[in-house]
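A.B. asks: Let me begin by handing over the structure; questions about it come next.
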Amino acid sequence: MIKPFDPLSIKLGNLKDRDKIREKLDTAKRDYERNAEDKCLLSPLTAEVLYITIQRPNGETQILDSDEITEKEVIYRFWEYVKEDVFTTIPFGLIAGWNIKEFDLPFLIKRSWKHRLQVPEPLIKNGRFCYEMTDLMLHFACGSYEKRRCSLDKASRYLGVGSKPTGKMSGKDFHKFYRSRDKSQRALAKEYALNDLKLIMEIAEITDAAYCHGGHKAVMKRITS
């Protein structure tokens, strides 16, 4: 639930003109609601998994789409993939993703708890994600804490493997395009997710995380307000 906007929290300084005060408060309210919505989209308490894409070592792409199955089933099938295709291989396979240890995996785990789904046992060891979960953002930072917050787009451009789409939609617009009645917008959303997967796999190969077993990209939509 988004906390209501509080106009008393806005400092008006020396403003006396009622129209200027109203204009400032209206602007502050719009900014507040926009920021609050963005936060909702990033929280497992107020958002859900829409779409997960997986690329297997043989190049086959698997799509788990909440348009066809429930969110619970999307997450369940992903964990089954992890258990059967990653943790059962000898040596274990790897799953590569961008910022997955700080965002995707915690998000999926908390949504799993919501649905009473069992998280694969080897996933977390001694409070840390297991070796088989490769966070390419951390890998790309080469141990530099200050530079670990590099975007997937920036790293992709630097390595010359492509970039995020520009002009048509951004990542935070994904849920709007994905749920749109306009088929062309829905197609753009799915194309966006598949492009992310391509970039992830290209970076994994170039940076010697080449033996990854798959890459995944989870995307969410707002479910509460």
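The values are calculated or read from the model by the stated rules, or taken from the named source; none is laboratory data. Remember, it's a predicted structure, so these values are computed and weren't measured experimentally. A quick note on method: Cβ atoms are made from the backbone with ideal geometry, for glycine too, and the neighbour counts reach across all protein chains shown.
A.B. asks: Just one of (1) closer than 23 Å to Thr46 by Cβ; (2) hydrophobic (A, V, I, L, M, F, W, C); (3) more than 19 Å from the chain's Cα centre (by Cα) trips up Ile124, so point out which.
C.D. replies: All conditions are met except number (1).
A.B. asks: Shifting gears a bit: Residue check: is Val74 within 30 Å of Glu205 (Cβ to Cβ), part of a helix (DSSP H, G or I) and modelled with pLDDT of 80 or more? If you could, list the steps in order and put the result at the bottom.
C.D. replies: Details: within 30 Å of Glu205 (Cβ to Cβ): yes; part of a helix (DSSP H, G or I): yes; modelled with pLDDT of 80 or more: yes.
Yes; evaluated as a whole, the condition is true for this residue.
A.B. asks: Can you tell me which residue within region 127-147, out of those that are of a type in the set (D, E, K, R) and touching a strand residue (DSSP E or B) at 6+ places or on another chain (Cβ under 9 Å), is farthest from Phe103 (Cα to Cα)?
C.D. replies: Step one: of region 127-147, the residues of a type in the set (D, E, K, R) are 128, 132, 135, 146-147.
Still in the list and also touching a strand residue (DSSP E or B) at 6+ places or on another chain (Cβ under 9 Å): 132, 135.
On the way: Glu132: 16, Asp135: 10 Å.
This residue is Glu132.
A.B. asks: Has region 165-186 got at least one residue that is β-branched (Val, Ile, Thr), part of a loop (DSSP other than H, G, I, E, B) and touching a Phe, Trp or Tyr at 6+ places or on another chain (Cβ under 7 Å)?
C.D. replies: Applying the first criterion (β-branched (Val, Ile, Thr)) to region 165-186 yields 166.
Within this subset, residues satisfying the condition of being part of a loop (DSSP other than H, G, I, E, B) are 166.
Narrowing the set further to residues that are touching a Phe, Trp or Tyr at 6+ places or on another chain (Cβ under 7 Å) leaves none.
Looking for residues that are β-branched (Val, Ile, Thr), part of a loop (DSSP other than H, G, I, E, B) and touching a Phe, Trp or Tyr at 6+ places or on another chain (Cβ under 7 Å), one finds none in region 165-186, hence no.
A.B. asks: Considering Asp85, Asp67, which residue is over 29 Å from Thr207 (Cα atoms) and modelled with pLDDT under 85? Reasoning before the result, please.
C.D. replies: Numbers: Asp85 fails: over 29 Å from Thr207 (Cα atoms).
That would be Asp67, the only listed residue that is over 29 Å from Thr207 (Cα atoms) and modelled with pLDDT under 85.
A.B. asks: Which members of region 26-64 meet the condition of being at pLDDT below 75, among the aliphatic types (A, V, I, L, M) and assigned to a loop (DSSP other than H, G, I, E, B)?
C.D. replies: Result: Leu42, single match.
A.B. asks: Quick check on my filter: what residues within region 133-177 are among the acidic types (Asp, Glu) and out of contact with any Ser or Thr (no Cβ under 8 Å at 6 or more places or on another chain)?
C.D. replies: If the condition is that a residue be among the acidic types (Asp, Glu) and out of contact with any Ser or Thr (no Cβ under 8 Å at 6 or more places or on another chain), then Asp135, Glu146, Asp173 are the ones that fit.
A.B. asks: Quick one: count up the residues across region 143-168 that are of a type outside the set (S, T, N, Q) and either modelled with pLDDT of 85 or more or surrounded by 16 or more Cβ atoms within 10 Å (Cβ to Cβ) (or both).
C.D. replies: Number satisfying all stated conditions: 13.
A.B. asks: Just wondering, is there one or more residues in region 90-103 that are farther than 25 Å from Leu194 by Cβ, surrounded by 14 or more Cβ atoms within 10 Å (Cβ to Cβ) and either modelled with pLDDT of 90 or more or of a type in the set (Phe, Trp, Tyr) (or both)? Lay out the reasoning, then the answer.
C.D. replies: Applying the first criterion (farther than 25 Å from Leu194 by Cβ) to region 90-103 yields 90-92.
So of that shortlist, the ones also surrounded by 14 or more Cβ atoms within 10 Å (Cβ to Cβ) come out as 92.
Narrowing the set further to residues that are either modelled with pLDDT of 90 or more or of a type in the set (Phe, Trp, Tyr) (or both) leaves 92.
Yes, region 90-103 contains at least one residue that is farther than 25 Å from Leu194 by Cβ, surrounded by 14 or more Cβ atoms within 10 Å (Cβ to Cβ) and either modelled with pLDDT of 90 or more or of a type in the set (Phe, Trp, Tyr) (or both).
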